[in-house]
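Participant: Next up is a structure, given as structure tokens.
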Amino acid sequence: TDALEHNDLSRFFPTDLMETGTDLLDRWIARMIMLSLYVTGEVPFKDVYLHGMVLDEHSQKMSKSKGNVVNPMDLVAKYGSDALRLGLIASRSPGQNQAFTVDRVIAGRNFCNKLWNVARFVENKLGDSYQPARPMAKSIADHWIVGELASAKETIERTLADYRYAEASDAMYHVIWDSVADWYIEASKDQENPDLLAWVLDTVLKLAHPFAPFVTETIWQTLPWHTSLLINTEWPTIIAYDEIASAELQQLQKIISEARFVATSLPNNDRYEMLYYADTLIDDNKELISRLAKLKAINQTEAAKGLRLALANHDVWLNVPEKTLDEHRENLEMRLGATRQEIGILEGRLSNENYVKKAPEALVEESKKHLKEKQALAKRLLQELEILKQS
């Protein structure tokens, strides 16, 4: 009718998405469709997103009579609304009833703090008078982070379009926490590329904004080079980067990570010298490797000495004394024995049908997670023992 064409109904009807609980599919969604068809001749929405019920930490339905209801306003007051949003989204699949734990909200709060720390570092490095210019990737770390953000952006766009919110949030979380905070920020401390640093922060805030709107908007408005609101800005565009240079940084990450792992597992908490055969990648990035791996020195050698690192395509050793190697071998064997015992206990627990059926879902999932971690650790310890035999 003419009246319907010029009011709120014409503006909001039909809509793209209806979101509701699985228990209301037949009681509400079906009735809405039938009534809409009867009155207007149109289906009221294109897609229906069915979320599962939010259960308590013991996988029980929340109810006032049980006294297990969690007041979201209490969590907002304690941890912040963005932390609650992130905690609710994390690991939550469509249509599945899942337990809710405050630990996930705390993880969301920690992520918001990480965002603040990244922003403060960038802002302090650039200064109050900084005005952005056209960003360009220069170092291999620059090219790598642009590639990481490009991949995360594509994943977030694809998963949001498919209503896979947990996967989108996970991609956003890891590119900011792991790629930007743990690697790029550390690598950028020794390089000067302020325009790319500002672009990385702006891109990070844009990618995180759908998931944590309040903290990202607040950070955006505190940055001296912004005069508009984050919510009014365009979705980020990716600048040019070199995939070969990005791959070189990935190779450096393997060298640094392996050196860190081995050094921290050695009995003495010392800084060691790294030795390597002729290697252009290491030659060109000694300072970065030394700082991030916390090494005493990096020197080229013609003779193997010390503990060889488990690396493909790179001949690298930590110059570790023979006595320390013997102690390290004993420690690895003891850790491997203890880890295998823990794996046996966890496998026995998870093979027990009564435990899997009757234990809270969150506890079963935690056991599965621990089993994967212990299996990965046992594999790594075995690998380190094999490397020791070759050293």
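The values are calculated or read from the model by the stated rules, or taken from the named source; none is laboratory data. Everything numeric here is computed off the predicted structure, so don't read it as measured data. Cβ coordinates were reconstructed from backbone atoms using ideal geometry, including for glycine residues, and neighbour counts include every protein chain displayed. Just so you know, the surface numbers come from the protein's heavy atoms only, side chains and all, with ligands and any DNA or RNA stripped out. Shrake-Rupley method; radii C 1.70, N 1.55, O 1.52, S 1.80 Å.
Participant: Which of the following residues is open to solvent by less than 30 Å² (accessible area, probe 1.4 Å) and at pLDDT 85 or above: Tyr130, Tyr165?
Facilitator: None of the other options fit; the residue is Tyr130.
Participant: Can you tell me which of (1) over 22 Å from the mean Cα position of the chain (by Cα); (2) open to solvent by less than 60 Å² (accessible area, probe 1.4 Å); (3) within 28 Å of Asn124 (Cβ to Cβ) is the one Val262 doesn't meet?
Facilitator: Unmet for Val262, out of (1) over 22 Å from the mean Cα position of the chain (by Cα); (2) open to solvent by less than 60 Å² (accessible area, probe 1.4 Å); (3) within 28 Å of Asn124 (Cβ to Cβ): (3).
Participant: Just one of (1) assigned to a loop (DSSP other than H, G, I, E, B); (2) farther than 26 Å from Leu292 by Cβ trips up Glu167, so point out which.
Facilitator: (1)
Participant: Same structure, new question: For Leu75, are the conditions met, namely being closer than 27 Å to Val215 by Cβ and either modelled with pLDDT of 85 or more or among the charged types (D, E, K, R) (or both)?
Facilitator: yes
Participant: Taking Ile343, is it open to solvent by less than 80 Å² (accessible area, probe 1.4 Å), modelled with pLDDT of 90 or more and more than 30 Å from Ala99 (Cα to Cα)?
Facilitator: Criteria not met by Ile343.
Participant: If you don't mind, another one. In segment 74-95, which residues are small (Gly, Ala, Ser) and either under 17 Å from Gly52 (Cβ atoms) or in contact with a Cys (Cβ under 8 Å, 6 or more places away or on another chain) (or both)?
Facilitator: Listed by number, the residues that qualify are Gly80, Ala83, Gly87, Ala90, Ser91, Ser93, Gly95.
Participant: Cβ-Cβ distance below 7 Å, separation of 6 or more or different chains: which pairs start in segment 274-288 with a residue that is touching a residue at least 40 places away in the same chain (Cβ under 8 Å) and end on one that is assigned to a strand (DSSP E or B)?
Facilitator: As it stands, the answer is Met274/Ile298; Met274/Val316; Met274/Leu318; Leu275/Asn299; Leu275/Trp317; Tyr276/Gln300; Tyr276/Val316, since those pairs meet every condition given.
Participant: Which one is most open to solvent (accessible area, probe 1.4 Å), of the residues in segment 265-300 that are assigned to a loop (DSSP other than H, G, I, E, B) and hydrophobic (A, V, I, L, M, F, W, C)?
Facilitator: Ala278
Participant: Another question, if that's okay. Taking Leu311 and the conditions (1) in a helix (DSSP H, G or I); (2) under 30 Å from Ile255 (Cβ atoms); (3) touching a residue at least 12 places away in the same chain (Cβ under 8 Å), which numbered condition does it fall short on, given that it satisfies the others?
Facilitator: Against the list (1) in a helix (DSSP H, G or I); (2) under 30 Å from Ile255 (Cβ atoms); (3) touching a residue at least 12 places away in the same chain (Cβ under 8 Å), Leu311 comes up short only on (1).
Participant: Taking the condition surrounded by fewer than 15 Cβ atoms within 10 Å (Cβ to Cβ), hydroxyl-bearing (Ser, Thr, Tyr) and modelled with pLDDT under 90, does Ser59 pass?
Facilitator: no
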